[in-house]
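Worksheet: one structure, shown below.
The values are calculated or read from the model by the stated rules, or taken from the named source; none is laboratory data. Note that the coordinates shown come from a computational prediction; the quantities given were computed from them, not determined experimentally. Glycine also receives a Cβ, built like all others from the backbone with ideal geometry; neighbour counts cover every protein chain displayed. Calculation scope for accessible area: heavy atoms of the full protein, side chains included, ligands and nucleic acids excluded. Shrake-Rupley method; radii C 1.70, N 1.55, O 1.52, S 1.80 Å.
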Amino acid sequence: MESFTKADKRTHYCGTLNSANIGERVTVTGWCQRQRDLGSLIFIDLRDRTGIVQLAFDDATDREIFDKAFGIRAEFVLSASGVVRSRGEAAINKNIPTGEIEVYVDALKILTTAQTPPFAIVEKSDVKPELRLKHRYLDLRRPDLQKNIIARSEIVKITRNYFADNGFIDIETPCLIKPTPEGARDYLVPSRVHPGKFYALPQSPQLYKQLLMYSGFDRYIQIARCFRDEDLRADRQPEFTQIDLEMSFADEEDIIAMNEGYMKKLFEDFMHQPLEIPFKRMTYKEAMDRFGSDKPDTRFGMELCDISDLVKNSEFSVFKSAVEMGGSVRGITVPGGAAMTRKEIDSLTEFVKTYGAKGLAWYKNTAGAPTSSFAKFMTEDEISAILAKMGVAEGDLALIVAAKNGVVYDSLGALRCEVAKRLNMIDKSKFNFLWVTEFPLLEYSEEDDRFYAKHHPFTMPMEEDLPLLETDPGAVRARAYDCVLNGTELGGGSIRIHTTEMQTKMFEALGIGAEEAEEKFGFLLEAFKYGVPPHGGLAFGLDRVVTLLLGLEDIREVIAFPKVQNASELLSKCPAVADPAALAELGIAVVATEEE
């Protein structure tokens, strides 16, 4: 290894060199992508975060430098100086931006050597994710992953600039907060100076950003780190980043317009394409009835069709009993789906069972000889009425679920997306934005025999539904709104409660009495006494925004050091066992479970 001196500092990034630099003396630094020994010629592809440039050595090169180049292997860290020259027409590499030129090296230093890496540092790696994450520092050298992380940085810059230009103030809120009683599980942090007491890591800055509105900062923005101890999916992590904002003296229209402007700016500056605003809107009820989801993918059809009225008196007990118990019978029509095999339909049946459905009824409208799982239990008139209402043409396939409404929506909502993927029905070039509005304020838990807030307990009910809060809480709609893109919830928000009277009513609907409310939210209720402006806000999931704009499937591809499915990090092997002395100082005893 050789020392790094002032003379070895780069003058140019590798990927920025081009024919305009021919004749210039430059210094480039980076990692050896590969070395090619052609006897009297040696070529080294030098890589940094901007790209690759070719270093050239020949029999006219100083012998010491040539011999040094001969010994270089993949991932050696180098500093190389020399003159930029043309490769010549026959040697141009059209696959890289620097393919017309090379650096003819006259000074070379090996700053550090490297072992052979456990996988090749190349784009579109097919290496197992577990191995990539275990050696994430190597994985992050891959050009495609570096482009993702750089793109994320660009999106954050555009975000900060847009909201700053619109009068928002960037304010940090605490990461050590009071544990919250609602929502997902908190990550708890023990306090050494307050024995037996705990902080929580914030699931969101919700209460603090509301307090900032009370404080007179009428427009707040934060790129906020958030933490939730919940089961992971492809689009979730235990720690994540929100684009968090709040506005005073504003209603839904103000907040929606501000964020449509943000998305338009993001598409213009980052995607370099126009975005039409305003976005389409749909109520929660319409979204569920048409798509079975509160975050519908509207890039394709196959909307749900309710046939309950046609089958409620049929002899087919599966359909009839579903309606009698207060559920429904609904289906989707798959264009050209009659070509699907029985094995493929059986796999779809197993798919809907994972969403609580007991089975999947189907009808293949094939020319001359339709087949079905339920037609023999129904009259020809009933079948004709079903096919007509569902719009099942010749060659189509009808897929039907009968159950409680929640199961019907969940299973068919997921099924239409699954079928669309399998049959390549989704135009991936489309960006279909949608606002979903008028969510239920509360949702009932049969297990706990109580209502919970659909979003959080500080959401304002719709004014016309206020009388229902005491008589029919489940029917109350919230002044809440979600921004959906291609079937993914990008973010959500609401207008907040800003009076003691309304907040008290909300707590009562949730079964939170005055004493409990004071204990858990006393500081918020105290603040209500000193003048609270009408306000509302929204938070986008930054990781999801970046993932969707880059056309990726997994948010781990846009996070530098992500966790895996069980919320652990393979690189540092966290979480880990704490030092017994540290636990003793905190007054914590670890109790082993039977499973352990």
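Summary of values
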{"quantity": "Unmet requirement for ASP58, which otherwise passes all of (1) open to solvent by 60 Å² or more (accessible area, probe 1.4 Å); (2) over 22 Å from LEU145 (Cα atoms); (3) touching a residue at least 12 places away in the same chain (Cβ under 8 Å)", "calculated": "(1)"}
{"quantity": "Filter pass, TYR162 being open to solvent by 40 Å² or more (accessible area, probe 1.4 Å) and either in contact (Cβ under 8 Å) with a residue 60 or more places away in the chain or within 21 Å of GLY522 (Cβ to Cβ) (or both)", "calculated": "no"}
{"quantity": "Pair list, Cβ under 6 Å, 6 or more apart: the range 319-330 residue more than 14 Å from LEU304 (Cβ to Cβ), other residue outside any loop (DSSP other than H, G, I, E, B) and modelled with pLDDT of 95 or more", "calculated": "PHE319/VAL311; PHE319/VAL329; PHE319/ALA402; ALA322/VAL329; ALA322/ALA402; ALA322/ALA403; VAL323/SER308"}
{"quantity": "Unique match (being without any contact (Cβ under 8 Å) to a residue 60 or more places away in the chain and part of a loop (DSSP other than H, G, I, E, B)) among GLU447, GLU464, GLU470, GLU443", "calculated": "GLU447"}
{"quantity": "Among (1) open to solvent by 60 Å² or more (accessible area, probe 1.4 Å); (2) on the phi > 0 side of the Ramachandran plot - the single one ARG192 does not satisfy", "calculated": "(2)"}
{"quantity": "THR379 vs. criteria hydroxyl-bearing (Ser, Thr, Tyr) and either buried (at least 21 other Cβ atoms within 10 Å of the Cβ) or under 20 Å from ASP297 (Cβ atoms) (or both)", "calculated": "no"}
{"quantity": "Sole residue being within 23 Å of LEU188 (Cβ to Cβ) and open to solvent by less than 30 Å² (accessible area, probe 1.4 Å), chosen from ALA539, ALA578", "calculated": "ALA539"}
{"quantity": "Residue match in the range 69-83 (condition: farther than 29 Å from MET1 by Cβ and open to solvent by 10 Å² or more (accessible area, probe 1.4 Å))", "calculated": "no"}
{"quantity": "Qualifying positions in the range 94-120 - of a type in the set (Ser, Thr, Tyr) and either over 22 Å from ARG141 (Cβ atoms) or in contact with a strand residue (DSSP E or B) (Cβ under 6 Å, 6 or more places away or on another chain) (or both)", "calculated": "THR98, TYR104, THR112"}
{"quantity": "Single condition PHE4 does not satisfy, out of (1) of a type in the set (A, V, I, L, M, F, W, C); (2) over 40 Å from the mean Cα position of the chain (by Cα); (3) modelled with pLDDT of 95 or more; (4) surrounded by 13 or more Cβ atoms within 10 Å (Cβ to Cβ)", "calculated": "(3)"}
{"quantity": "Condition met for TYR452 (among the aromatic types (Phe, Trp, Tyr), over 12 Å from MET506 (Cα atoms) and outside any helix (DSSP H, G or I))", "calculated": "no"}
{"quantity": "SER153, sole failed condition from (1) free of Cβ contacts under 8 Å to residues at least 24 places away in the same chain; (2) within 26 Å of LYS573 (Cα to Cα); (3) among the polar types (S, T, N, Q)", "calculated": "(2)"}
{"quantity": "Those residues of the range 492-514 which are open to solvent by less than 10 Å² (accessible area, probe 1.4 Å) and of a type in the set (D, E, K, R), in sequence order", "calculated": "ARG496"}
{"quantity": "Filtered residue count, the range 527-536, keeping only those that are open to solvent by less than 40 Å² (accessible area, probe 1.4 Å) and modelled with pLDDT of 95 or more", "calculated": "4"}
{"quantity": "Residue identified as in contact (Cβ under 8 Å) with a residue 60 or more places away in the chain, small (Gly, Ala, Ser) and touching a helix residue (DSSP H, G or I) at 6+ places or on another chain (Cβ under 7 Å) among ALA420, ALA375, ALA414, ALA385", "calculated": "ALA385"}
{"quantity": "Every residue from the range 283-328 that is under 35 Å from the mean Cα position of the chain (by Cα), under 18 Å from ASP381 (Cα atoms) and aliphatic (A, V, I, L, M)", "calculated": "ILE307"}
{"quantity": "Selection count, the range 564-575, where residues are among the charged types (D, E, K, R) and open to solvent by less than 70 Å² (accessible area, probe 1.4 Å)", "calculated": "1"}
{"quantity": "Residue within the range 344-363 that is within 15 Å of ALA385 (Cα to Cα), free of Cβ contacts under 8 Å to residues at least 24 places away in the same chain and open to solvent by 40 Å² or more (accessible area, probe 1.4 Å) present", "calculated": "no"}
{"quantity": "Test set (1) open to solvent by 30 Å² or more (accessible area, probe 1.4 Å); (2) under 27 Å from LEU145 (Cα atoms) - GLY23 fails condition number", "calculated": "(2)"}
{"quantity": "Which listed residue is among the β-branched types (Val, Ile, Thr) and surrounded by 15 or more Cβ atoms within 10 Å (Cβ to Cβ), from THR333, THR366, THR341, THR371", "calculated": "THR333"}
{"quantity": "Unique match (being of a type in the set (D, E, K, R), under 28 Å from ASN259 (Cβ atoms), touching a Gly at 6+ places or on another chain (Cβ under 9 Å) and surrounded by fewer than 21 Cβ atoms within 10 Å (Cβ to Cβ)) among GLU438, GLU489, GLU464", "calculated": "GLU489"}
{"quantity": "GLY51 open to solvent by less than 30 Å² (accessible area, probe 1.4 Å) and either under 25 Å from ARG556 (Cβ atoms) or out of contact with any His (no Cβ under 6 Å at 6 or more places or on another chain) (or both)", "calculated": "yes"}
{"quantity": "Selection count where residues are of a type in the set (A, V, I, L, M), closer than 28 Å to LEU140 by Cβ and in a helix (DSSP H, G or I), scope the range 61-83", "calculated": "1"}
{"quantity": "Hits in the range 85-126 - residues which are exposed (fewer than 14 other Cβ atoms within 10 Å of the Cβ) and of a type in the set (S, T, N, Q)", "calculated": "SER86, ASN95, THR112, THR113, GLN115, THR116"}
{"quantity": "Sole exception among (1) touching a strand residue (DSSP E or B) at 6+ places or on another chain (Cβ under 7 Å); (2) open to solvent by 60 Å² or more (accessible area, probe 1.4 Å) for PHE433, by number", "calculated": "(2)"}
{"quantity": "Test: residue in the range 179-187 that is crowded, with 18+ Cβ neighbours inside 10 Å, modelled with pLDDT under 95 and among the polar types (S, T, N, Q)", "calculated": "yes"}
